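Everything below concerns the one structure shown next.
Derivation of every value follows stated rules applied to the coordinates shown; laboratory data play no part. Not measured: the values here are computed from a predicted model. No Cβ is skipped: glycine too gets one built from the backbone with ideal geometry, and neighbour counts run over all protein chains shown.
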Amino acid sequence: MSKTKTLISLIIFSTFILHSLSISTDTFLYGGCTQQTYTQNSPYESNLNSLLTSLVNSATYTSYNNFTIIASNPTDIVYGLYQCRGDISMPDCSSCVVHAVSRTRDICPGACGGVVQLEGCYLKYDNVKFLGVEDKTIVLKKCGPYIGYDTGTRDAVLSGLMGSGGGYFRVGGSGQLKGMAQCIGDLSFVECEDCVSEAIRRLRSDCPAADFGDMFLGKCYARYSTGGGGGAHSYSKAHGKSDNNGEKTFAIIIGLLAGVAILIIFLAFLRRICEGQGK
Ligand SMILES: *[C@@H]1O[C@H](CO)[C@@H](O)[C@H](O)[C@H]1NC(C)=O
């Protein structure tokens, strides 16, 4: 009986692990919709549908793209883009954008514009042109618990994320202390740098000695994690390809173990039924 209990615990445990791995890039961070709505079966609706289809298709081969669906009536024009986080694989990017589209459909039914940020990708569409427009308003700010460490090292890691040589995706830090920044691909290099600097300035001033900090501005974000709070902060999970593959292999092994465990329980169960019939 206790063996069965152990096996059941193993199954529950491995399901939990598989689940926590599968949500890493699709985890929802924020979303929003415009007040303005379109009417059903309108040209706008069909344009929006083709825009979202284009975004989903494009995410199978490139980590950033923008589309504009032109219409003769200016109010029927739809603009949209997506940006995958720079360190995720193309299959993850593609699946993330699929999730982002279904998320916006859930939270913004009938809205002309919507935006959603998942752990691994960002998606936005609107009938107002926003492509190439810098936006440094704070959309999401999360500071971890105050753990009272020397912020010098953190600030150095954050500074390392700045600099004109940085691309649209930047990582820094070592050991447990990690930082990252990501711009949306429609910004110029100069705008990206400006946006990242602002996000970092905000992290420093608004998250003093916090375990982790997430600063999402309209067109970029900067984040850091000290790993101090039990390493629970999510973004470090799918960090880097090899780590990710290692985790996947681990998940597959655990999954196989769970499968074997289920089989053993099933056989034990069958045997008990047979024994019961024999008596
Ligand atoms: C949008 O996409 C077009 C075509 O791929 C590209 O030429 C243009 O630079 C992009 N615009 C922005 C703002 O990213």
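Taking 0.36 nm per residue of separation and subtracting the current Cα-Cα distance, fully stretching the chain between Asp150 and Phe189 would add 10.9 nm.
Stretched out straight at 0.36 nm per residue, the stretch from Thr68 to Ala268 would grow longer than its current Cα-Cα span by 66.0 nm.
By definition, a body whose alpha carbon gyration tensor gives a ≥ b ≥ c is prolate when a/c is 1.5 or more and a/b is larger than b/c, and the stretch 138-235 fits this prolate description. Here the stretch 158-186 is scanned for amide nitrogen atoms under 17 Å from the site 7 Å beyond the Cα of Leu140 along Cα-to-Cβ, giving 180-185.
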